[in-house]
Amino acid sequence: MGALQYSLVKPAVAQSSLTTIAQYMFWLMFRNVASDGLVFDDPVNTNPGHVSAPGCVLASPSWENTAHVNQDYVYNWTRDAAVVAIELAHGTLPTNQPLIDYVQFAQTCQNSGAAVGHFDLASFFIDGSPRPWSDQTDGPALQTLAILQLFSQLDAATQAVANAVIAANLDFLQGAYQGETVNLWEEEYGASFFARAVQLQCFQAITANTLGIPVPGWLSTAIPWLQNALETHWNGQYYQSLLPVPTDPNRAPYDPNIDIVIAAIYGAVAVTDTKMLATAARLRSQWDDSTSQFYYPINGADQARGIGPLLGRYPGDKYDGDNDQPVDDHPWAISTCNFAELYYRLANEITAARTIPLDANSTEFFKQVGINASTTPAAAATALQSAGDQMLRAIVSHSDHLELSEQFDAWTGYQKSVSDLSWSYASFLSAVRAR
């Protein structure tokens with residue numbers, strides 16, 4: 001027998017608690033959060049002094065000089081930083097300094113974006129200066145939701161900064177929530193289901209807050225407007241991610257799109273919404289059904305092992321993550337973890353309400369995990385939790401010693417695209433918290 005090689009060792013998934021694994025992944029994610037003691041050089045702007053500011057959240061430490069990867073993720077995305085900050089707020093930090101840094105850096109980016117006429121600029125250099133990128137109106141809403149969750153852990157001085165950041169975000173959103181935006185995947189422009197859902201969640205959270213944060217009067221009009229707008233995305237079979245529906249042949253069809261499920265995780269879409277569940281059923285089947293043209297072969301191998309399936313972004317996705325040439329799509333950690341969280345949240349709702357939201361729209365969704373009209377609520381909750389566990393165990397099994405990249409190869413399951421994606425870790429942590 002040869003010498004033990006740690007590069008060949010895989011975690012004993014069945015013997016590892018998902019909660020224990022999440023505790024480790026928390027610190028893997030934390031490596032991407034800049035501080036006074038952890039400073040990153042800017043690999044793009046190498047002039048002296050261009051380093052990370054405390055509170056910057058690197059989307060990933062991967063950049064264009066990394067072998068086999070030409071994607072540069074050494075930037076702070078408002079969206080990615082917000083979902084990481086939410087997990088920091090729920091984590092076991094020894095000090096609140098990272099939360100203070102996040103709020104202060106958020107204001108730095110907010111001010112620098114506004115100074116160049118792009119308040120909702122989605123991505124910034126790691127020193128907080130504006131990066132030439134697209135405007136995305138989900139960012140201010142997600143940032144506000146993150147700050148609300150960590151607000152009570154801030155000192156008085158930083159709470160004042162947080163109040164200012166929230167007020168500026170709401171001022172912007174007042175004029176933006178009825179408009180169009182670049183979507184979650186930064187590929188299309190239109191009325192985004194995801195952006196509308198997180199804006200609605202933001203407005204509802206502000207309205208219900210007990211932190212002393214002022215509630216603008218216009219929210220009473222904006223909330224029902226967004227609720228009605230979300231309903232217009234239903235086409236009778238599933239929620240459409242963008243209106244008008246994208247027609248780019250390089251990305252068609254664009255639905256069913258996983259951002260509908262992500263909207264239920266970070267936005268104001270109820271996990272018991274049977275229209276959303278109808279959409280979720282179609283999402284799972286297009287990558288888990290062996291007769292589908294979008295089927296991931298790795299899901300067949302994983303099924304034999306009692307784990308999975310892994311899920312992607314949308315049918316026909318051509319973003320490979322490793323090169324710029326059109327290729328067949330691959331599963332994403334974010335997509336899979338958020339879907340697992342949907343199962344967990346729905347199990348919790350069924351347990352609390354003692355009823356299953358089963359109707360013509362949701363029948364297929366529940367059938368996929370063995371639930372029908374004769375299933376008791378308790379048995380349904382157990383089946384949903386088991387389905388979520390199987391997805392997260394696939395994530396662990398295909399991880400690189402628990403480190404998570406952006407994607408997994410659809411055939412082999414090996415990780416691909418940029419390494420150590422902050423959002424991948426955050427989505428895993430969020431799912432385990434929901435569990």
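The numbers here are math on the coordinates, done by the rules we state, and not lab data. The model shown is predicted, which means the values in this text are computed figures rather than measured ones. Glycine gets a Cβ as well: all are built from the backbone with ideal geometry, and neighbour counts include every protein chain shown.
Among the lysines in the chain, how many pairs, 8 or more places apart or on different chains, have alpha carbons under 28 Å apart?
4
Can you give the FRET efficiency for Ser134 and Ala378, using 1/(1 + (r/R0)^6), R0 = 56 Å, r = Cβ-Cβ distance, to the nearest 0.05?
Taking R0 as 56 Å, the efficiency between Ser134 and Ala378 is 0.75.
Kindly provide the Kirkwood hydrodynamic radius of segment 285-370 in Å, to one decimal, from all pairs of distinct alpha carbon atoms.
For segment 285-370, the Kirkwood estimate is 14.7 Å.
Put +1 on the Cβ of each Lys and Arg and -1 on the Cβ of each Asp and Glu in segment 249-349; which of Ser285, Ala347, Ala333 then has its Cα farthest toward the positive end of the dipole?
In segment 249-349, that residue is Ala347.
How would you rank Ile126, Ile100, going from fewest to most other Cβ atoms within 10 Å of each one's own Cβ?
Fewest-to-most Cβ neighbours within 10 Å comes out as Ile100, Ile126.
Arrange Val198, Val74 by Cβ neighbour counts within 10 Å, fewest through most, would you?
Lowest to highest Cβ neighbour count: Val74, Val198.
Counting alpha carbon pairs within less than 8 Å and at least 6 residues apart, what relative contact order, in whole percent, applies to the chain?
16 percent
Could you work out how far apart the two model spin labels at Asn96 and Asp36 are, taking each label as a point 7 Å from the Cα in the direction of the beta carbon, and quote it in nm?
1.7 nm
Could you give the longest part of the chain that holds none of the GluC sites (Glu not before Pro) found in DSSP loops with at most 16 neighbouring Cβ atoms within 10 Å?
187-435
How high is the FRET efficiency from Val215 to Asp289, r the C-beta distance, R0 51 Å, rounded to 0.05?
So, using R0 = 51 Å, E works out to roughly 0.65.
Rg(Cα) of segment 258-435 divided by 2.2 N^0.38 Å?
Here the answer is 0.98, to two decimals.
Rounded, prolate or oblate: which fits segment 194-302, taking a ≥ b ≥ c as square roots of the Cα gyration tensor eigenvalues, rounded meaning a/c under 1.5, else prolate when a/b beats b/c?
Prolate, since a/c reaches 1.5 and a/b exceeds b/c.
Determine which residues of segment 236-250 fall in the zone a paramagnetic label at Tyr189 would reach in this model, i.e. backbone nitrogen under 19 Å from the point 7 Å along Cα→Cβ.
Taking a point 7 Å out along Cα→Cβ of Tyr189, the residues of segment 236-250 whose backbone N falls under 19 Å are 241-250.
Suppose we take every Cα in segment 31-232 and form the convex hull; what volume per residue is that in Å³?
That works out to 131 Å³ per residue.
Say a paramagnetic label sat at a point 7 Å from the Cα of His401, along Cα to Cβ; which residues of segment 49-63 have their backbone N under 19 Å from it?
Taking a point 7 Å out along Cα→Cβ of His401, the residues of segment 49-63 whose backbone N falls under 19 Å are 61-62.
Can you sort Ser374, Ser419, Ser220, Ser123 so the residue with the fewest Cβ neighbours within 10 Å comes first?
So the residues, fewest neighbours to most, are Ser374, Ser220, Ser419, Ser123.
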